Amino acid sequence: MRYSREIADHTEELRRFLMKQMKDQPASYQELVDQYGADNVWTTEQVKELYEITSFMAPYCTCTRKSDGQVGSLAFQHSPRFYFNFVAYDKNE
């Protein structure tokens with residue numbers, strides 16, 4: 001017998017909205033840089049060098065910054081694939 005339990009995802013509606021928005025109007029690299037800064041936008045290759053991605057829940061992923069072990073999240077868009085806006089998690093929360 002197989003049991004399953006539905007887990008409430010209070011972010012699903014917002015995430016679906018953001019994913020649709022990014023799909024309908026994907027940002028260019030330069031637009032993301034203008035919004036988040038040149039040091040906060042990465043290609044897939046750059047992210048692999050700087051972060052260890054631990055999970056995905058589009059359009060976000062959780063990650064660990066390799067340089068200092070800081071855990072946080074990144075936003076990403078699928079096509080063209082860019083990661084941006086690293087937000088560090090507070091270790092006390």
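The table below lists the values:
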{"item": "The stretch 79-89, residues that are aromatic (Phe, Trp, Tyr) and open to solvent by less than 60 Å² (accessible area, probe 1.4 Å)", "result": "Phe82, Tyr83, Phe84, Phe86"}
{"item": "Per-region count, the stretch 53-81, residues under 13 Å from Ala27 (Cα atoms) and over 9 Å from the mean Cα position of the chain (by Cα)", "result": "4"}
{"item": "Residues within the stretch 27-78 that are open to solvent by 60 Å² or more (accessible area, probe 1.4 Å), over 22 Å from Lys91 (Cβ atoms) and assigned to a loop (DSSP other than H, G, I, E, B), tallied", "result": "1"}
{"item": "Close pairs from the stretch 10-32: first over 10 Å from Pro59 (Cα atoms), partner among the aliphatic types (A, V, I, L, M) and outside any helix (DSSP H, G or I), Cβ under 7 Å, at least 6 apart", "result": "Tyr29/Val41; Leu32/Val41"}
{"item": "Residues being open to solvent by less than 90 Å² (accessible area, probe 1.4 Å) and part of a loop (DSSP other than H, G, I, E, B) - total across the stretch 2-26", "result": "4"}
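Residue-wise test of (1) touching a Phe, Trp or Tyr at 6+ places or on another chain (Cβ under 8 Å); (2) over 15 Å from Leu18 (Cβ atoms).
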site: Glu45; (1), (2): no, yes
site: Lys48; (1), (2): no, yes
site: Thr54; (1), (2): no, yes
site: Tyr60; (1), (2): yes, no
site: Cys63; (1), (2): yes, yes
site: Leu74; (1), (2): yes, no
site: Tyr83; (1), (2): yes, no
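The values are calculated or read from the model by the stated rules, or taken from the named source; none is laboratory data. What you see is a predicted model, and the numbers here were worked out from it, not measured in a lab. Reconstructed Cβ throughout: ideal geometry from the backbone, glycine too, with neighbour counts over all protein chains shown. Heads up: the accessible areas ignore ligands, DNA and RNA and are worked out on the full protein's heavy atoms, side chains in. Shrake-Rupley method; radii C 1.70, N 1.55, O 1.52, S 1.80 Å.
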